[in-house]
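A.B. asks: Here it is, the structure, as C-alpha cells.
The values are calculated or read from the model by the stated rules, or taken from the named source; none is laboratory data. Note that the coordinates shown come from a computational prediction; the quantities given were computed from them, not determined experimentally. Cβ placement follows ideal geometry from the backbone for every residue including glycine, while neighbour counts extend to all protein chains displayed.
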Amino acid sequence: NAGVTQTPKFRVLKTGQSMTLLCAQDMNHEYMYWYRQDPGMGLRLIHYSVGEGTTAKGEVPDGYNVSRLKKQNFLLGLESAAPSQTSVYFCASSGISQPQHFGDGTRLSIL
Amino acid sequence: SQQGEEDPQALSIQEGENATMNCSYKTSINNLQWYRQNSGRGLVHLILIRSNEREKHSGRLRVTLDTSKKSSSLLITASRAADTASYFCATDARTGAQKLVFGQGTRLTINP
C-alpha cells in the first residue's frame with residue numbers, strides 16, 4: 001500500500017519558471033489537501049478539494065493553482081515561481097470523518 | 001493565521017522519562033488531533049479527540065482536552081529514543097471539509 005505519493009521529492013527552480021507538483025493517493029479518499037511548511041510556521045493550507053472536479057482556496061492560495069481531474073490525483077501548480085515560494089510542500093488525503101494521511105513532501109527551492 | 005500555539009517549542013528529556021506537550025487554540029472545534037513528524041518525513045496521525053471527550057489513550061499516549069480553556073495536552077509515557085520527532089496539534093475548527101489548522105509544533109528529543 002503506497003498511501004500518499006508525492007513527485008518530485010526535490011526540485012530547484014529559477015524565479016519565473018513554472019512547475020507542477022503531483023500528489024497521488026490509493027485509498028479512495030474524497031478529500032485532498034496541499035500544505036506548505038516553513039521553519040517555525042507549522043503547516044499552512046494552500047488549497048484543498050472535497051471531491052473529483054472540485055477545488056477551493058485555503059489560507060495561503062496566492063501564486064498557486066490546483067486541479068483534481070481524477071479522484072486519486074491532486075496537482076499543485078506554480079505559474080511563475082518566486083523565492084517566497086521556497087518551502088516544503090505536503091499533500092494529504094482523508095476519507096470522511098477520518099484523519100489525514102500525508103505524503104513525504106516535496107522540497108522546493110526557488111533561486 | 002494559525003489556530004494552535006504549542007508549548008514548549010522544544011523539549012529534551014532522558015529516555016524513560018515522560019514528555020508533556022501543550023496546545024492552545026482560539027475557536028470552537030469539532031475535534032483536535034495530534035500528529036508526529038520525523039525528520040525529513042511527512043506527518044503521521046497519532047490520536048484524535050472529539051470536542052465532547054475529555055481524555056483519550058492510545059498505547060503510551062494520553063491526550064486531554066479542556067474545551068473551556070481551549071487547550072489540550074499530549075503525554076508520552078516511558079519515552080524511547082524512537083519518540084524523537086516534532087509533534088503537532090491540529091484543530092478541525094468547523095469550517096468544513098475537515099480542514100485542519102496546525103500549531104507550530106514541539107520538537108522533542110529523547111536522550112539515551
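A.B. asks: Could you list all residues from the range B:11-42 that are under 20 Å from B:Ala81 (Cβ atoms), touching a Leu at 6+ places or on another chain (Cβ under 8 Å) and within 11 Å of chain A (Cβ to nearest Cβ)?
C.D. replies: Within the range B:11-42, B:Trp34, B:Tyr35, B:Arg36, B:Gln37 qualify.
A.B. asks: Looking at the range B:76-88, which of its residues are out of contact with any helix residue (DSSP H, G or I) (no Cβ under 9 Å at 6 or more places or on another chain) and more than 21 Å from B:Leu100 (Cα to Cα)?
C.D. replies: Narrowing the range B:76-88 to residues out of contact with any helix residue (DSSP H, G or I) (no Cβ under 9 Å at 6 or more places or on another chain): B:77-88.
Once the filter is applied, which keeps residues that are out of contact with any helix residue (DSSP H, G or I) (no Cβ under 9 Å at 6 or more places or on another chain) and more than 21 Å from B:Leu100 (Cα to Cα), the range B:76-88 yields B:Thr77, B:Ala78, B:Ser79, B:Arg80, B:Ala81, B:Ala82, B:Asp83, B:Thr84.
A.B. asks: Specify the residue that is modelled with the lowest pLDDT; the eligible residues are those in the range B:2-46 that are under 18 Å from A:Leu43 (Cα atoms) and acidic (Asp, Glu).
C.D. replies: Across the range B:2-46, the extreme among qualifying residues is B:Glu5.
A.B. asks: Follow-up question, since we're still on this one. Tell me the residue from B:Thr95, B:Thr91 that is β-branched (Val, Ile, Thr) and not in a strand (DSSP E or B), please.
C.D. replies: Values: B:Thr91 fails: not in a strand (DSSP E or B).
None of the others qualify; the one that does is B:Thr95.
A.B. asks: Would you confirm whether or not the range B:68-85 contains a residue that is closer than 20 Å to B:Asp7 by Cα, part of a helix (DSSP H, G or I) and not basic (Lys, Arg)?
C.D. replies: yes
A.B. asks: So is B:Ile110 in a strand (DSSP E or B), more than 9 Å from chain A (Cβ to nearest Cβ), in contact with a helix residue (DSSP H, G or I) (Cβ under 8 Å, 6 or more places away or on another chain) and modelled with pLDDT of 95 or more or not? Don't jump to the end; show me each part of the working.
C.D. replies: Values: in a strand (DSSP E or B): yes; more than 9 Å from chain A (Cβ to nearest Cβ): yes; in contact with a helix residue (DSSP H, G or I) (Cβ under 8 Å, 6 or more places away or on another chain): yes; modelled with pLDDT of 95 or more: yes.
When the stated conditions are applied, B:Ile110 passes them.
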